[in-house]
Structure formats: C-alpha cells, structure tokens
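Data first, discussion second: the structure below is written as structure tokens.
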Amino acid sequence: MTRNRRTPLTIGLGAVAVVLVGGGIATAVTLNGKDSGASDDKRVETALRDFYDAMSTGGASAAVGKTCASDRAQYDALPDAAKKGSDQGKISMKIDEIQGINITGDRATATTLGTITIPGVSDSKRSIPEHLRKEDGVWKVCSTDAK
C-alpha cells in the first residue's frame, strides 16, 4: 500500500487511514539518547522499530517522542480529545522487514513491511514508505518530511 503522507494525526486517530507497523527488537545501542555502535542503516532500522514498538505499547502519546520536532509540533497542536482518542485503540504491527534504506545527509527513507493489527479489523499486510530525520545525532521518524 502506498501513501503520499502519514502524519501523527492520522497515526493517532487511526480511523482515518491507518498504516502503522509495530513491534520488533532494537538492533542498535543507545546511550543517553544517542545512537552508538551501529551503522546509520541499523540506526534507521532501530528508529523505525522503536517508533512502532512505542505505538504498540503506549499509543500515539508514547510514539510521538520518537518523532522529529515538526511531527511533535503537529501532534502537540491537536486538541486534547484527539490526543486521548489516539491512545484508545491499541494498534500494533509485526515488522517482517525494513528494506530500501536510503540515507542522504540528515534525511532517510525506507520501506517497512509487516502485518498490522487494529482492534475490530482483520489483520492486513502493509508496505509503508517511511521518512526519517537525524536530530541531535539520533534518527527519528519524520512523517512531515513526506509532504
């Protein structure tokens, strides 16, 4: 499935057009919030897995901390009711693979493949185009870069 953009709003509200992936094991070590000891490709993969793991376990309010400043600002601008609603239905996804990582400076793209689980909806396989940005030495999901 290809989407032109995925924002924290659509992530959080889920009902609009949910395309999330969650779960997985971190493959890079973090030290005081900074990536350490792994290639940038592994750091990008870890950032994606960490984001979707946070979404799976704590909802959008937990995952937003794994996003870039512009995504966080967009989430912060949501009404409190929308933020609360974004954490109601636990959305998760089992990541099968992250492929096509392409890094250019402090920006990266990749494709996440996996199976999404949404309460009350049949599980479905997804292919999600991802955008990331490196901020303060750490790769973060940055959906606003897809615009």
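Miscellaneous remarks
- What the Cβ-Cβ distance of residue 115 and residue 61 gives, at R0 = 25 Å and to the nearest 0.05, is a FRET efficiency of 0.60.
- Computed from the C-beta positions of residue 69 and residue 122, the FRET efficiency with R₀ = 30 Å rounds to 0.25.
- Relative packing of peptides 122-129, 52-59 - highest average C-beta neighbours within 10 Å first: 52-59, 122-129
- The simple Förster model, with R0 at 25 Å and r as the Cβ-Cβ distance, assigns residue 41 and residue 136 a FRET efficiency of 0.85.
Here, each number is a calculation from the coordinates, and none is a lab measurement. All figures in this text were calculated on a predicted structure; none of them were measured in a lab. Because the Cβ atoms are built from the backbone with ideal geometry, glycine has one as well, and the counts that use them run over all protein chains shown.
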